[in-house]
1. Given a 1.4 Å probe and every protein chain left where it sits, what share in percent of the accessible area of the chain is carbon and sulfur?
2. Return the unpartnered cysteines for the chain, using a Cβ-Cβ cut-off of under 4.7 Å.
3. Students often forget the sequence filter, so: which aspartates and glutamates lie under 19 Å Cα-Cα from K3 once same-chain residues fewer than 8 apart are removed?
4. Label point 7 Å out from K48 along Cα-to-Cβ: which residues of segment 65-106 have amide N under 15 Å?
5. Net charge near C29: determine it from the other residues with C-beta under 14 Å of the C-beta of C29, scoring Lys and Arg +1 and Asp and Glu -1.
6. Report the label-to-label distance for N28 and K3 in nanometres (one decimal), using points 7 Å from each Cα along the Cα→Cβ vector.
7. Considering only the other residues whose Cβ falls under 14 Å of the Cβ of Q39, what net charge follows from Lys and Arg at +1 and Asp and Glu at -1?
8. Per residue, how many Å² of accessible area does the chain show with a 1.4 Å probe?
Amino acid sequence: MAKPLKHVFVCVQNRPPGHPRPSCGQKNCADMADEFFWQMQQRQLFDKVQVTTTGCLGPCSEGPSVLVYPEGVMYGHVSKSDVAEIFDEHLENNRPVERLRMPKHFWG
Ligand code: FES
């Protein structure tokens, strides 16, 4: 397997109703995560990009959260409709999507 140029971590953490912390699972992260895998399939980027679903990345109130390495760029409030832009701009052209960046006081 080739070492990926970008590794995307998509939070799919869920928490039960009444839990004191919110979770990405309560905010449609599953649909958004599925879109990452769909876009990977459509674009055939398997030798360049790896997508991994993960547990909590930290800034739950700003989720759904997505973290891209090697840059360490965290995105917040990511929805299914944002995923194609993340591929077009960041994953394929090295231009992070500024409008989705996590505020510095949550990730910086
Ligand atoms: S539950 Fe997704 S960042 Fe914490």
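1. Working: 3070 of 6030 Å².
The computed percentage sits at 51.
2. By the Cβ distance rule, which asks for a partner under 4.7 Å, the isolated cysteines are C56, C60.
3. Candidates past the 8-residue exclusion: D47, E71, E92.
4. 70, 84-96
5. Working: positive: R15, K27, K80; negative: D31, D34, E35, E62, D82.
Charge balance in the 14 Å sphere: -2.
6. 3.8
7. Working: positive: K6, R43, K48, K80; negative: D31, D34, E35, D82, E85, D88, E89, E92.
Summing Lys and Arg as +1 and Asp and Glu as -1 gives -4.
8. On a per-residue basis, 56 Å².
The values are calculated or read from the model by the stated rules, or taken from the named source; none is laboratory data. A quick note: this is a predicted structure, and the numbers were derived from the prediction, not measured. Backbone-built Cβ (ideal geometry, glycine too); neighbour counts: all protein chains shown. The accessibility values were calculated without ligands, DNA or RNA, using every heavy atom of the protein model including side chains. Shrake-Rupley method; radii C 1.70, N 1.55, O 1.52, S 1.80 Å.
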